[in-house]
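Since the structure comes first, as structure tokens, the remarks are kept for the end.
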Amino acid sequence: MAKKEKTAITPTREEDYPEWYQQIVRAADLAEPSPVRGCMVIKPWGYATWENIREVLDRMFKETGHVNAYFPLLIPLSFLEKEAEHVDGFAKECAVVTHHRLIAGPDGRLIPDGELDEPLVVRPTSETIIGASYAKWVQSYRDLPILINQWANVVRWEMRPRLFLRTTEFLWQEGHTAHETRAEAWDETLQMLEVYKTFAEEYMAIPVITGEKSAGERFPGAVNTFCIEAMMQDRKALQAGTSHFLGQNFAKASKIMYLGRDGKQEHAWTTSWGVSTRLIGGMIMTHGDDNGMIMPPRLAPSHCAILPIIRNEDDRATALEYCNQLKAQLQQQTYHGAPVRVELDDRDINAGEKGWQWVKKGIPVTVEVGPREVSEGSVFVARRDKSRKERFSQTRDQFCGEIAGLLDQIQSDLLTRAREFRERHTRSIEDLADFRSFFTPESAEKPGIHGGFAISAWCGQSECESRINSELGVSIRCIPMDSTDSDAPCVFCGTAGSKPVVFAKAY
Ligand SMILES: [Zn+2]
């Protein structure tokens, strides 16, 4: 039996995927649990990743005509009551503020005091509070469209939290737009879905399927919910972003009305769309390996770490001078319009340990500089997405000249690898027995990694959807945008003329 290769993360993905995920978040120094259960402390390496996500998306939103604004964290309880489905969807996970001060009790402990006349809800999402502003701002069709995005935190009380994937408080952006016509709002909904798809594939290197949610999976109060869905390495689906066509539901609830071109009062048409810090969880689960995180270069907090290897104190000054020159030379290079981001790690710690820290953090490229490199004018390069055995030597000038190309290569290799993985684990299934076995683990005791995406025909009835969900824990991830009507029978009930949809277990 071959000796198992030692990995930086234990357990491995194969051994225990959920635990591997927890370990990697910690080992890559991305985040940690907070004293408040369900909340997380996002550490600098994780937060810098979020800042890069934010910067790119913010630019994409502005290029599509949106502006940023900020609305209150606290929402009057009565606002949530205005849209019946909306309140049903969020009521069970709301944090509620009922008092506005603390007083010292007899034993010196603090007691909430000053009960509010109307409780306030910490926003789980902002349709209702933003709708109240839009109702004031919109008088006539000339005031439309309103195209606003907000970067904020939201709170949805989470009973089974997991860092980045499900946290009680998370960071996100929420776009909220109001339009004169149905067609405009519809186009906006699909435009933002396309923005998310482009971002996922070109920046996160995560291939996604775009599609519409079934009625059962829709955002509470929406007419249509569209999503991008990605396959993680345990072959489960992750909903990575959503765009909702809200019709006139929220405009009616918030009284967003305008005087139309024909002189009649009309309700506006609205949309909302969002992505969150969950995306970082998606990047970990798509690219990470048994040695840690692998950052896609376009979002990596830093692109390249320079690691001086000092064996003899007499060499220290020369080695550091060489490394500083290398750093300056790299920073003069640009990668997609901005300087290459470089770390020179001259901390006085064990060289092996230092190297592994960067591997675990997932920095795309590391270069080692020892006495030999200094004398030769070279660097010893490691790509994070390749085996340690594939490290190579290059002249310093050549490495600096080619760094942008190297980063692009890593970026596109990550996307290709993820796409091939998804294709390998996606199957068209027509037979119910096949469908069941695809989603049933070989061992019930230790389920392990199995299944994937099944493309199967579905009749559109919620009975079939909920039956399969309760039986196998499998849900309809989406009805793909390119899905066309077929005469295939529903895989569950046999109804003819059913549509192919994507089924999977999901986060
Ligand atoms: Zn059916």
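What follows is calculated from the coordinates using simple rules that are stated; it is not laboratory data. Bear in mind that the values here come from a model prediction, so they are computed numbers and not experimental data. Positions of Cβ are backbone-derived with ideal geometry, glycine not excepted, and every protein chain shown enters the neighbour counts.
Summarising the amide proton neighbourhood of residue 478: residues at separation of 5 or more, or on other chains, whose placed amide H is nearer than 5 Å comprise 502.
Put a plus charge on the Cβ of each Lys and Arg, a minus charge on the Cβ of each Asp and Glu, and nothing anywhere else: the dipole of the range 17-287 about its Cα centre is then about 220 debye. From least to most packed, judged by other beta carbons within 10 angstrom and beginning with the fewest, 403, 256 follow the order 403, 256. Taking every alpha-carbon pair under 8 Å whose residues sit at least 6 apart, the range 426-504 reaches a relative contact order of 34 percent. Modelled spin-label separation between residue 68 and residue 417, with each label point placed 7 Å from Cα along the Cα-to-Cβ direction: 3.2 nm. Once you list every other residue whose beta carbon is under 12 Å from the beta carbon of residue 174, what net charge do they have if Lys and Arg are +1 and Asp and Glu are -1? After counting each charged neighbour, the total is 0. Ranking 214, 199, 230 by Cα position along the charge dipole of the range 181-240, where only Lys, Arg, Asp and Glu carry charges on their C-beta atoms, puts 214 farthest toward the positive end. As a rough footprinting exposure proxy, the listed residues 137, 269 were ranked by other beta carbons within 10 Å of their own, and the order from fewest upward is 137, 269.
Around the amide H of residue 453, modelled in the peptide plane, lie the amide H atoms of 426, 427, all under 5 Å away and 5 or more residues distant in sequence or on another chain. For the range 260-265, backbone phi angles converted through the Karplus equation (6.51, -1.76, 1.60; θ = phi - 60°) give residue-by-residue couplings of x, 4, 8, x, 9, 6 Hz, Gly and Pro being listed as x.
Using 0.36 nm per residue and subtracting the Cα-Cα separation, the extra length available between residue 259 and residue 506 on full extension is 84.5 nm. A simple packing score, the average count of other Cβ atoms within 10 Å per residue, orders the peptides 375-384, 357-366 as 357-366, 375-384, with the highest score first. Summarising the label geometry, the points placed 7 Å from Cα in the beta-carbon direction at residue 116 and residue 41 lie 2.9 nm from one another. 3J(HN,Hα) couplings calculated from phi for the range 21-31 with the Karplus curve 6.51 cos²θ - 1.76 cosθ + 1.60 (θ = phi - 60°) are, in sequence order, 4, 4, 5, 5, 4, 6, 5, 7, 6, 8, 6 Hz; Gly and Pro show x. For the Cα atoms of the chain, what angle does the longest principal axis make with the long axis of helix 182-202, in degrees from 0 to 90, nearest 10? The angle comes out near 20 degrees.
The HN-Hα couplings worked out from phi for the range 278-286 by the Karplus form 6.51 cos²θ - 1.76 cosθ + 1.60 (θ = phi - 60°) are 4, 4, 5, x, x, 5, 4, 6, 8 Hz, whole numbers, x standing for Gly and Pro. Net charge in the neighbourhood of residue 358 (other residues with Cβ under 10 Å of its Cβ; Lys, Arg +1, Asp, Glu -1) is +2. Of the residues 502, 144, 393, the one whose Cα sits farthest towards the positive end of the charge dipole of the chain is 393 (charges of +1 on Lys and Arg Cβ, -1 on Asp and Glu Cβ, taken about the Cα centre).
The long axis of helix 351-361 is offset from the longest Cα principal axis of the chain by roughly 20 degrees.
With the charge dipole of the chain set up from +1 on Lys and Arg Cβ and -1 on Asp and Glu Cβ about the Cα centre, the Cα lying farthest toward the positive end among the listed residues 326, 287, 167 is that of 326.
Distance between the modelled labels on residue 136 and residue 8, one decimal in nanometres: 5.1 nm (7 Å Cα→Cβ projection). Taking the Cα centre of the chain as origin and assigning +1 to Lys and Arg Cβ atoms and -1 to Asp and Glu Cβ atoms, the resulting dipole is close to 440 debye. At full extension, residue 59 and residue 398 could sit 118.8 nm farther apart than now, given 0.36 nm per residue minus the alpha carbon distance. In this calculation the C-beta distance from residue 153 to residue 85 is compared with R0 = 35 Å, giving a FRET efficiency of 0.90.
Helix 462-472 sits at what angle to the longest principal axis of the chain, using alpha carbons and giving 0 to 90 degrees rounded to 10? Between helix and principal axis, roughly 40 degrees.
Here the range 63-124 is treated with +1 on each Lys and Arg Cβ and -1 on each Asp and Glu Cβ, and its dipole about the Cα centre works out to around 240 debye. The stretch between residue 100 and residue 316, if pulled fully straight at 0.36 nm per residue, gains 71.8 nm over its current Cα-Cα span.
Listed by Cβ neighbour count within 10 Å, with the fewest neighbours leading, 242, 210, 64 appear as 64, 210, 242.
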